[in-house]
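Enquirer: The structure follows.
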């Protein structure tokens, strides 16, 4: 237990410190790198709580894919650091207000849950500690595909719409641009792709 | 004595010793894998390859190691020093850390976790950071181009690797690598390359191509030729590693090779039955009448043999197939492998539900 407490405080401290560095780092690329560290230590916190499936998903989806795209975009952009710093004081009150709201909500949720016990009212098995014979992934799958199947499908639909929207917005067919048609290239044979001619001297061949 | 080993201190000592043993063996393997790779490459080109240091040049990798270590470390003037030095460290840490869940022999995995395969997937998907960070921190054009290419390439092929892994998970019904291996015990037609058992025989039409897709995606994921676009010598000099020298470069190289061995080992576990011999009577003899250490040793040798077989194919691909063009690479990943593996996931899931047979 003591070991778990040490691990928890270590990872929680790293998460908060790297979260602070995300906003305070001067270089945007460093910001993204700190963000990745924050994601990673959050995944560590999930593991401590016995939710190893969620932890791995967090690493696969956020660290492995989303943050790579962040990094990709931030590296490509030519960011003007001085312009970024401007207006910091102007937006400060609004930012503090939102941060205050979030902190208050979290405190409320945390105290309520702590008051009545985390898994008391939940229908299915939540953490692997509750039912040791069912693994974490199985427990999530059972709940996700039975009780919450409509929400799950709706979330999938929203993502699909977003994906199609992104494709529609960026896909442009320019007229006059010759595109590569792989099928045509693969189906080419010597008969269709080659013409044997035997031109007489000084005549050449007509196309 | 047994009490001491189960106490926290004893457990820590035994785990650290286990990790050290796996790492040292892995590093030695990598040294000889690099040698073998160069020998195979040379053999295909009718050259001799490394043959000076030690008998048959066997110690070439160690000579190279010494050379890298005593070279001077030069950091480019415009480089972002912290990120520049962090990049190879991240690469090598992830590449070695992935081996924590690999079932190299019955019960020999350092950490036998329930989501082992997801862990491996997560760690290999993070491998791209070493390359991106190295390319960006070098503050130079060629490394940056190389790192951008690798970011796009590795993210693309992860998707198809993920779907291929899902087909195996569907067949095995578990994400624990040890249990996936055990599900393939018995005759070799129980291996997932051949559909996973006689009752699943029609699935060979799906799973064999899935194995091939996994192999090719593994090549792309580890930046091996013919997908070595991030370091294409003819276009980008050496890609993300141009500005690196000395020990950091060696770490990059080490991580790359460790990842290749990891992908070969993963292929062996997921599709070729891991440490199973593939002959049912032998399996039964090992499980019942042979001493435990013999079973472990045979398992280890079989696993290593399969890994080296996959690596050999890897090396042959490297020496035979010419490099892909970048748009062809992207087309293969997104337009060929992704739809194919997506359909395969649906078919395998449908088969499992339709037949209702246990895995």
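The values are calculated or read from the model by the stated rules, or taken from the named source; none is laboratory data. Just so it is clear, the structure is predicted and the values come from calculations on it, not from any experiment. Every residue, glycine among them, receives a Cβ derived from its backbone with ideal geometry; neighbour counts consider all protein chains shown.
Enquirer: Go over the candidates B:270, B:338, B:301 one by one and state the one that is part of a helix (DSSP H, G or I), without any contact (Cβ under 8 Å) to a residue 24 or more places away in the chain and either in contact with a strand residue (DSSP E or B) (Cβ under 9 Å, 6 or more places away or on another chain) or closer than 30 Å to residue B:197 by Cβ (or both).
Expert: Exactly one of B:270, B:338, B:301 is part of a helix (DSSP H, G or I), without any contact (Cβ under 8 Å) to a residue 24 or more places away in the chain and either in contact with a strand residue (DSSP E or B) (Cβ under 9 Å, 6 or more places away or on another chain) or closer than 30 Å to residue B:197 by Cβ (or both), namely B:301.
Enquirer: Of all residues being crowded, with 24+ Cβ neighbours inside 10 Å and not in a helix (DSSP H, G or I) in region B:110-142, which is nearest to the other protein chains (Cβ to nearest Cβ)? Just the residue, please.
Expert: Residue satisfying both the conditions and the ranking: B:115.
Enquirer: Which is over 30 Å from residue B:351 (Cα atoms) and either in contact with a helix residue (DSSP H, G or I) (Cβ under 9 Å, 6 or more places away or on another chain) or at pLDDT 85 or above (or both), of B:171, B:177, B:229, B:219?
Expert: One residue alone meets the criteria, B:229.
Enquirer: So if I check each of B:219, B:145, B:205, B:177, which one is surrounded by fewer than 24 Cβ atoms within 10 Å (Cβ to Cβ), out of contact with any strand residue (DSSP E or B) (no Cβ under 8 Å at 6 or more places or on another chain) and within 30 Å of residue B:283 (Cα to Cα)?
Expert: B:205
Enquirer: Here's another thing I want to ask about it. Check every one of the helices (runs of 4 or more DSSP H) wholly within region A:1-63 and list those with 1 or more residues that are over 21 Å from the mean Cα position of the chain (by Cα).
Expert: Answer list for region A:1-63: A:2-24, A:28-48.
Enquirer: To continue, here is another question. Taking residue B:100 as the residue in question, decide whether it is modelled with pLDDT of 85 or more and within 11 Å of chain A (Cβ to nearest Cβ).
Expert: no
Enquirer: Moving on to the next point. Could you figure out which of (1) at the interface with chain B (Cβ under 7 Å from one of its Cβ atoms); (2) within 14 Å of residue A:8 (Cα to Cα) isn't true of residue A:46?
Expert: The failed condition is (1).
Enquirer: Scanning for something under 28 Å from residue B:129 (Cβ atoms), in contact with a helix residue (DSSP H, G or I) (Cβ under 7 Å, 6 or more places away or on another chain) and outside any loop (DSSP other than H, G, I, E, B), does region B:277-292 turn up at least one residue?
Expert: Within region B:277-292 (the criterion being under 28 Å from residue B:129 (Cβ atoms), in contact with a helix residue (DSSP H, G or I) (Cβ under 7 Å, 6 or more places away or on another chain) and outside any loop (DSSP other than H, G, I, E, B)), the answer is no, since none of the residues qualifies.
Enquirer: Anything in region B:237-251 that is in a helix (DSSP H, G or I) and buried (at least 22 other Cβ atoms within 10 Å of the Cβ)? List them, or say none.
Expert: Scanning region B:237-251 gives B:239, B:240, B:241, B:248, B:251.
Enquirer: Against the condition away from every other protein chain (no Cβ under 14 Å), within 19 Å of the chain's Cα centre (by Cα) and either free of Cβ contacts under 8 Å to residues at least 12 places away in the same chain or in a helix (DSSP H, G or I) (or both), how does residue B:91 come out, does it pass?
Expert: The answer is yes for residue B:91.
Enquirer: For residue B:167, all conditions in the list (1) away from chain A (no Cβ under 13 Å); (2) over 24 Å from residue B:332 (Cα atoms) hold save one; what is the number of the exception?
Expert: Going through the list (1) away from chain A (no Cβ under 13 Å); (2) over 24 Å from residue B:332 (Cα atoms), residue B:167 breaks only (2).
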